[in-house]
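Data block below; observations after.
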Amino acid sequence: MDLKNCVAIVTGGASGLGEAVVRNTLEKGGKAAILDFDAERGKMLANNLGNDVIFCKTDVVDEISVQASIDATLKAFGKIDVVVNCAGVGTPRKVIDREGNPMPIDFFNKVIQINLVGTMNVIRLAAAEMIKNQPNEDGEKGVVINVASVAAFEGQIGQAAYSASKAGVAGMTLPLAREFAAHGIRVNTIAPGIFMTPMVAGLPQKAQDALSQMMPFPKRLGAPSEFAMLAQQIIENPMLNGETIRLDAAIRMAAR
């Protein structure tokens, strides 16, 4: 699928990896809908980027909220070709804290709800619209890109909830690709390593330098534009389907 003239909805699109995808989509001649809970940042970004982008305040866990955002995208641009699910939370928390108290199950459930259930919520509602698209010469109607994490495979201490949610995203990639093949929709997942997102940028420089040294090569944090580059390749390469692709400079996370 050519990124030019395609319409992408990007959850978590107001900052970080999602923002990079939005910007790249517009630069390559596409249109984008930013779906994010941060209304202030999302509106400001959309206003700065021009007429080919809209912002929709979205709670990815809430069906009504997601459907309203999809409807707004269809009203603005007439179709949805691509879904990129970047929305997520990554707050660490041990299962048993230093005082011997167990993790509140509500904390675990919230992470699963946003990262895993929220991803599925957007996929199912967006795919119901994408199957209505006219197929291209390959019979393709749409592309779904989910975001997992290297923590899905090498979760660190304190990441039980986060790792479980991201492993779930990776785990549903192939079943979705197999099911959606009948509709001409490809499904892939990117598992990023450590990228220079707003959360990491807020760390002290010493901490950022330490993270950079963990990377085998290149010895630096990933740039959001490099994530967007891979997303574009997934969109444009019709043979990429059913895969979870690590984008991590060959890092393998230690226990802590």
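The values are calculated or read from the model by the stated rules, or taken from the named source; none is laboratory data. Since the model is a prediction, treat every value here as computed from it, not as a measurement. Quick reminder, even Gly has a Cβ in these numbers, built from the backbone with ideal geometry, and neighbours come from all protein chains shown.
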Look at residue 119 and say whether it is part of a loop (DSSP other than H, G, I, E, B) and of a type in the set (S, T, N, Q).
no
In the stretch 78-91, is there at least one residue being under 30 Å from residue 238 (Cβ atoms) and of a type in the set (Ser, Thr, Tyr)?
no
Of the candidates 97, 71, 59, the one satisfying the condition of being under 24 Å from residue 133 (Cβ atoms), of a type outside the set (S, T, N, Q) and surrounded by fewer than 21 Cβ atoms within 10 Å (Cβ to Cβ) is 71
From the list 66, 61, pick out the single residue that is touching a Gly at 6+ places or on another chain (Cβ under 9 Å), over 26 Å from residue 256 (Cβ atoms) and part of a helix (DSSP H, G or I).
66
Do we have residue 178 as modelled with pLDDT under 95 and more than 19 Å from residue 133 (Cβ to Cβ) here?
no
Would you confirm whether or not the stretch 78-90 contains a residue that is surrounded by fewer than 16 Cβ atoms within 10 Å (Cβ to Cβ), basic (Lys, Arg), at pLDDT 95 or above and closer than 21 Å to residue 135 by Cα?
no
Here are the criteria: (1) in contact (Cβ under 8 Å) with a residue 12 or more places away in the chain; (2) over 23 Å from residue 176 (Cα atoms). Tell me which single one residue 205 does not satisfy.
(1)
Any chance residue 151 is hydrophobic (A, V, I, L, M, F, W, C), in contact with a Lys or Arg (Cβ under 7 Å, 6 or more places away or on another chain) and assigned to a helix (DSSP H, G or I):
yes
What is the number of the single condition among (1) in contact with a Gly (Cβ under 8 Å, 6 or more places away or on another chain); (2) farther than 24 Å from residue 14 by Cβ; (3) surrounded by 17 or more Cβ atoms within 10 Å (Cβ to Cβ); (4) not acidic (Asp, Glu) that residue 174 does not meet?
(3)
Filter the stretch 16-56 for residues that are polar (S, T, N, Q) and under 23 Å from residue 235 (Cα atoms); the one that is surrounded by the fewest Cβ atoms within 10 Å (Cβ to Cβ) is 51
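Per-residue answers, yes or no, for (1) among the charged types (D, E, K, R); (2) over 27 Å from residue 1 (Cα atoms):
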residue: 215; (1), (2): no, yes
residue: 220; (1), (2): yes, yes
residue: 227; (1), (2): no, no
residue: 245; (1), (2): no, no
Filtered residue count, the stretch 174-202, keeping only those that are more than 21 Å from residue 116 (Cα to Cα) and touching a residue at least 60 places away in the same chain (Cβ under 8 Å)
2
